[in-house]
Amino acid sequence: GLIRPVNVNVDRKLSYNLISCLIATISFILIIYLYEGISLIGGYSLLILFLIYMYFLFSNYRKVDNSLNVENENFNFFIIFRLFLGFVLVSFGTEYFIGSTVSISSLFGFKDNIVISMSLVAFGTSVPELVTSVMAVLKKEEGLAIGNIIGSNIFNIFLVAGLSSIVNPIVVNFDLIKYH
């Protein structure tokens, strides 16, 4: 929005995804608050909600014509290579960013401060999404920017938090989060 005005067409698809994002956020907060973290059951619950979300997403919108306005519709391996290269570079960049922020926070004595650590890691993992949204707005693809923001929140809550808690249950100690 700071770069240029973003025009958003609030249609049925956007409404569905906004409601799904709200449900994801409320579910996440309730699970963490009630169980002081995300247990195995909470993780499976989030994954089930993710599967329900994906089922309704694909069943309701697979017949819609979502053709993009592209200049050259011919298949080009160079485009696939650039896409793959972008994934690889974003992965390495994020890894270096998070590693550097952890080192810097340790250097300044913030390693054991969970609020600062969470903020730095959240910022580090959000930078690629921020760059993607900014580039989409610059290329006048506002829908891609909005979809990136909403979809990222839904996927992070349902899929990332769900799978992470299945691998290792997440315990939240609210005493560490309180400001003293």
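Below is a table of values for the structure above.
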{"read-out": "Net length gained if the chain between TYR16 and SER59 were fully extended (0.36 nm per residue, minus Cα distance)", "value": "14.2 nm"}
{"read-out": "Gain in span if fully extended, ILE26 to VAL6, counting 0.36 nm per residue against the direct Cα distance", "value": "4.5 nm"}
{"read-out": "Phi to ³J(HN,Hα) by Karplus 6.51 cos²θ - 1.76 cosθ + 1.60 over region 17-28, Hz, x for Gly, Pro", "value": "6, 5, 5, 5, 5, 5, 4, 4, 5, 5, 4, 4"}
{"read-out": "Computed label-point distance, nm, for sites ASN76 and ILE149 using a 7 Å Cα→Cβ extension", "value": "3.0 nm"}
{"read-out": "Pair GLU95, LEU130: separation of 7 Å Cα→Cβ label points (nm)", "value": "2.2 nm"}
{"read-out": "Modelled FRET efficiency - R0 35 Å, SER119 with LYS140, Cβ distances, 0.05 increments", "value": "0.65"}
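Just so you know, all these numbers are worked out from the coordinates, no wet-lab data involved. In this text, all values refer to a predicted model and were calculated from it rather than measured experimentally. As a convention, Cβ positions derive from the backbone with ideal geometry for all residues, glycine included, and neighbour counts pool all protein chains shown.
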